[in-house]
Amino acid sequence: MLIDRYIARAQFHAFVIVFISLAGLTFVVDAFTNMEEFVSHAADGGGLWKVLGKYYGYRLISFFDATSAIISLASAMFALSWLERHNELTALLAAGVTRWRIARGSIAFAAVVAILAGANRELVLPKIREAFSRNAQDLKGNKDQAFEARYDHATEVLFRGRSVQAAPRRIESPSLLLPPSLSEHGTQIDAAEAHWLAADARHPAGYLLGAVREPAGIDRLSSIEFGGRTIIQTRSGADWLAPGQCFLASDVSFEQLIGSSNWIQYSSTPELVASIANPALGVGADIPLRVHSRFVAPFLDMSLALLGIPLVVGPNRRGIFVAVGLCVAMTVIFFLVTLGCHAAASSYVISPSVGAWAPLLILAPLAAWRAQPMWQ
């Protein structure tokens, strides 16, 4: 236990130092690049330091999600190389301590980091993902962004618009193309703006369109039903609407409608599974791939650790710099295999499940083979 605590403490210190160094370097460069935007927002955001702290505090959590596996391996290499540099590794082996016993603390540390990364992915990031939709040029979330036409596959309504604003969840000048089943009053709805509304007692989730120009006289027109529910509500059938307004029910949320990658990357696994079952989205291969990848990620993180640790602790030990160079090459191969399989799945060359699990099927046996001398 004393050896485990000694190595784990050294690895923890190395992890903190590497994480803070990489995050600090990344954020400092980004902050100086966008300092003008932060300064202009400081008066409304409570001061420059508060704006910077809030902006990069959220991104620090995302940075941990993106780099935890690499930094975990790097910290293990630093901790074990430190033992080698001071001849402590040789002394331990001479005292009869097995290589597995020496590496056990680093492997356990990598497992803890993998578990924390998974918990962060499922519990923390989904609650703050809205913060990642705003970059330094749009800190308030009210800057106009381009809007690409998108279908609601359940109602077959084509959403079009001039631009969108993230914070108010607003579509500027929406023009909705209606299918024949909803075209009782015309083939499209043109309005000045549309806002996403969550479901409540008065209406399901959907979009409130204001200052409707087409069809003319929207307040006098009747609501339209399809599939056993009211899809388009007008003032004649819904007294909660103001003059010139109508409401379109839709199970496509604002994040999903504008095609934001944040809701896919930072949603929890149950949310992703629910989106697959949502007929309105018509999901492609990216979401099933992401779901499978969530289950594979902790095992891949451990595989990466087991690929790198034997370079220092294994029987064929090399110099520190040679071990670090081989570790970098091993990491590059690791990510090339992973990204290549994911790209093949996204391109429908292979199925999403195969694309997610294939890296583990390739890399886990290689990691077990590389780590086998440590068990002997």
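A few notes on this one:
- Residue in region 217-235 that is of a type in the set (Ser, Thr, Tyr), free of Cβ contacts under 8 Å to residues at least 24 places away in the same chain, more than 30 Å from Val291 (Cβ to Cβ) and assigned to a strand (DSSP E or B) present: yes
- All positions within region 154-170 that are surrounded by fewer than 18 Cβ atoms within 10 Å (Cβ to Cβ) and at pLDDT below 90: Ala167, Pro168
- Qualifying residue in region 329-350 (condition: part of a helix (DSSP H, G or I), more than 20 Å from the chain's Cα centre (by Cα) and in contact (Cβ under 8 Å) with a residue 60 or more places away in the chain): yes
- Of the set (1) part of a helix (DSSP H, G or I); (2) over 18 Å from Arg9 (Cα atoms); (3) touching a residue at least 40 places away in the same chain (Cβ under 8 Å); (4) not small (Gly, Ala, Ser), all apply to Lys140 but (1).
- Every condition in (1) touching a His at 6+ places or on another chain (Cβ under 8 Å); (2) modelled with pLDDT under 90 is met by Gly227 except one, and the failing one is (1).
To keep it simple, each residue is scored yes or no on (1) surrounded by 13 or more Cβ atoms within 10 Å (Cβ to Cβ); (2) of a type in the set (Val, Ile, Thr); (3) farther than 18 Å from Phe78 by Cβ; (4) modelled with pLDDT under 85.
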{"residue": "Val312", "(1), (2), (3), (4)": "yes, yes, no, yes"}
{"residue": "Phe321", "(1), (2), (3), (4)": "no, no, no, yes"}
{"residue": "Gly325", "(1), (2), (3), (4)": "yes, no, no, yes"}
{"residue": "Val332", "(1), (2), (3), (4)": "no, yes, yes, no"}
{"residue": "His342", "(1), (2), (3), (4)": "yes, no, yes, no"}
{"residue": "Ser346", "(1), (2), (3), (4)": "yes, no, yes, no"}
{"residue": "Ile350", "(1), (2), (3), (4)": "yes, yes, yes, no"}
{"residue": "Ser353", "(1), (2), (3), (4)": "yes, no, yes, no"}
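- Here Gly228 meets the list (1) farther than 30 Å from Gln145 by Cα; (2) in contact with an Asp or Glu (Cβ under 7 Å, 6 or more places away or on another chain) almost entirely, failing just condition (2).
- Across region 68-99, the qualifying residues are those that are hydroxyl-bearing (Ser, Thr, Tyr) and under 15 Å from Val313 (Cβ atoms), and the one among them that is modelled with the highest pLDDT is Ser75.
- Residue identified as closer than 29 Å to Val283 by Cβ and either in contact with a Cys (Cβ under 6 Å, 6 or more places away or on another chain) or assigned by TED's automatic domain parsing to the domain that holds Ser62 (or both) among Glu172, Glu156, Glu130: Glu130
- Pairing residues of region 39-65 that are surrounded by 14 or more Cβ atoms within 10 Å (Cβ to Cβ) with residues that are at pLDDT below 85 and not hydrophobic (A, V, I, L, M, F, W, C), at Cβ distances under 7 Å and at least 6 apart in sequence or on separate chains, gives Val51/His41; Val51/Gly45.
- One residue from Asp251, Asp239 being free of Cβ contacts under 8 Å to residues at least 12 places away in the same chain, outside the structural domain of Phe334 (by TED's automatic domain parsing) and either in a loop (DSSP other than H, G, I, E, B) or under 15 Å from Gly118 (Cα atoms) (or both): Asp239
- Highlighted here are the strands (runs of 3 or more DSSP E) found entirely within region 158-215 that include at least 1 residues which are under 33 Å from the mean Cα position of the chain (by Cα) and basic (Lys, Arg): 170-172.
- Val273 satisfies every condition listed in (1) part of a helix (DSSP H, G or I); (2) buried (at least 18 other Cβ atoms within 10 Å of the Cβ); (3) of a type outside the set (Lys, Arg); (4) not assigned by TED's automatic domain parsing to the domain that holds Asn120 except (2).
- Of everything in region 115-147 that is polar (S, T, N, Q) and surrounded by fewer than 17 Cβ atoms within 10 Å (Cβ to Cβ), the residue that is nearest to the chain's Cα centre (by Cα) is Asn120.
- Applying the condition of being of a type outside the set (A, V, I, L, M, F, W, C) and not in a helix (DSSP H, G or I) to region 254-270 and asking which residue is modelled with the highest pLDDT yields Ser268.
- Any hit, region 297-318, residues being among the charged types (D, E, K, R), touching a Leu at 6+ places or on another chain (Cβ under 9 Å) and in a loop (DSSP other than H, G, I, E, B): yes
The values are calculated or read from the model by the stated rules, or taken from the named source; none is laboratory data. This is a predicted model, so every value here is computed, not measured. A quick note on method: Cβ atoms are made from the backbone with ideal geometry, for glycine too, and the neighbour counts reach across all protein chains shown.
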